[in-house]
Every structure is written in C-alpha cells, then in structure tokens.
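The values are calculated or read from the model by the stated rules, or taken from the named source; none is laboratory data. Remember, it's a predicted structure, so these values are computed and weren't measured experimentally. Quick reminder, even Gly has a Cβ in these numbers, built from the backbone with ideal geometry, and neighbours come from all protein chains shown.
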Amino acid sequence: MKRYKRFLADVVLDDGREVTAHCPNPGRMSSILPTPEAVYLTELPPDPKGARKLDFRWELAEMESGFVVVNTQLANRVAQRLLNEHDTTKERLSLTPDCRVQSEVTVKTATGKNTRFDFFINHENGRNCYLEVKQVSLRAADQASTRWAAFPDAVTARGKRHLEHLISLHHAGHRCVLFYVVGRGDVDKVRPAVEIDPQYGATFQRALREGVEVVACRLAVTPEALSFDRFLPVDSFT
C-alpha cells in the first residue's frame, strides 16, 4: 500500500489483513515504487525478548519485468555463498584453494580511520584482498539499447567513503574489489548512478583509474531462491 519512514511498509496480505512490515532497504527504491504488482514477505518467528516490533520483513517485489530483491541484507549472504562455494565466482575473482574468507573485518586505513569491510580474503601465497559488497536494485533509464542497472539509488556518503578506503588500501599494496550483487534480471550492464550521486560517481571513476577492481554479478530471483545467473559488464559512465 505504501512505504514510509524509509523502513516501514503497509501491506495487504492474501487473507485481507493489513500489516506493517520492516523494509530493509535505505534507498529510494525509485524503480520499484510506487506500486509493485506484488510483494513477498517473511513472517518472522516470535521474539521471546519482545525487542522486535514488526512480525514481517519485506524480501522481494514482483514487477512486470520480473522479481527484484528489496532486502539489501541478502547481498552479503549471497556473496558469502558465492565466495565459499561457487566455482565460477572463485575463478572470476582468482581465489586460490587455500584462501580463507572472513566476514565483517575492521581495518585501519592510511588515513588512520577504522572502517569495516564486508569480506577479507587471505591467501597464503598472494596478496590479501578486501572486498566490499553493494546490492543493486535500481534500473536506470535505458540508453542505446542497453538496460542499465545503477548504484546508488540515493546519495550515499557511506558508499563514497568505502570507495575512498578501498583506494587507500590498494595504494598500501592490497588487492581491493567492489562487488555489485544485482538483484534483478531485467538489466544487462552496471554503472554508477551519476545522476543521483555525482560525488559517488566521481569517486567510482577514480577508484577504477587507480586500480580498484569492480565485479558485478546478476542473480536469478524467485520467491524460492536467489541463485547466480551471470557476470555483468561494468561501465564507469564517464
């Protein structure tokens, strides 16, 4: 029915009940809203401590062109499975059999500030790798027959800061990767959303020039599962 205060959405269930669900997506969701054809929720188990106020979480939106992942928290779970278990992803990222994948790692950058990255990949015989995951749900305007996915869909100081820290760590001798997980099947290529956040776009272009790697994969999305579809090309959109 409506989404408000960013993290709340009022939904009518199949049985006619109206409920308020948690919307785990801080973006504008401009290519999903105002009205998807249907939404898919998870009904959460009772909280014995009573700390959770909502009984439902919004996971997917069904659009005319297919399903779109709404829950941004799913991207890291997907990435972890791909890094640990998916041979095609391991090959694309040049992960060796002896590598060890750690999640939620805090590191001090050259600027002296602590920052947390989604994954740290340790190779016994090679450079360590810091990898940051971003979920992409925005479908931007098509151009020259290209169906574009773009990130971000709202101004993101945090995303810009992550790029700056990846650049800093790369200059310190580490391998650094930005990993876009595209949660919709109706796009063919990924770019920074410079029309939404020009500063992020400029920092993205700088990161590419200075050696940060950018990889994007598209998911096949259904209510039953999220699965790897294929890698997508990334354009700096200069």
In region 192-211, anything part of a loop (DSSP other than H, G, I, E, B), more than 18 Å from T146 (Cβ to Cβ) and either touching a residue at least 60 places away in the same chain (Cβ under 8 Å) or within 17 Å of the chain's Cα centre (by Cα) (or both) is listed as D197
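It is to be established whether one or more residues within region 218-231 are within 16 Å of L163 (Cβ to Cβ) and outside any strand (DSSP E or B).
Checked against the condition, which is being within 16 Å of L163 (Cβ to Cβ) and outside any strand (DSSP E or B), region 218-231 yields no hits at all.
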Of L166, L178, the only residue that is assigned by TED's automatic domain parsing to the domain that holds A79, assigned to a helix (DSSP H, G or I) and buried (at least 22 other Cβ atoms within 10 Å of the Cβ) is L166
The residue from S30, S94 that alone is under 24 Å from H165 (Cβ atoms), surrounded by fewer than 19 Cβ atoms within 10 Å (Cβ to Cβ) and at pLDDT 90 or above is S94
Looking across region 134-147 at residues that are of a type in the set (A, V, I, L, M, F, W, C) and at pLDDT below 95, the single one that is surrounded by the most Cβ atoms within 10 Å (Cβ to Cβ) is A140
Subset of region 181-191, residues hydrophobic (A, V, I, L, M, F, W, C) and either without any contact (Cβ under 8 Å) to a residue 24 or more places away in the chain or assigned to a loop (DSSP other than H, G, I, E, B) (or both), comes to V187
- Kindly establish whether A79 is touching a Phe, Trp or Tyr at 6+ places or on another chain (Cβ under 9 Å) and either surrounded by 18 or more Cβ atoms within 10 Å (Cβ to Cβ) or assigned to a loop (DSSP other than H, G, I, E, B) (or both). yes
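Please find, among L8, L41, L83, the residue that is modelled with pLDDT of 95 or more, of a type outside the set (V, I, T) and in contact with a Cys (Cβ under 8 Å, 6 or more places away or on another chain).
So the residue among L8, L41, L83 that is modelled with pLDDT of 95 or more, of a type outside the set (V, I, T) and in contact with a Cys (Cβ under 8 Å, 6 or more places away or on another chain) is L8.
Checking the condition modelled with pLDDT of 95 or more and buried (at least 20 other Cβ atoms within 10 Å of the Cβ), which residue from F204, F231 passes?
F204
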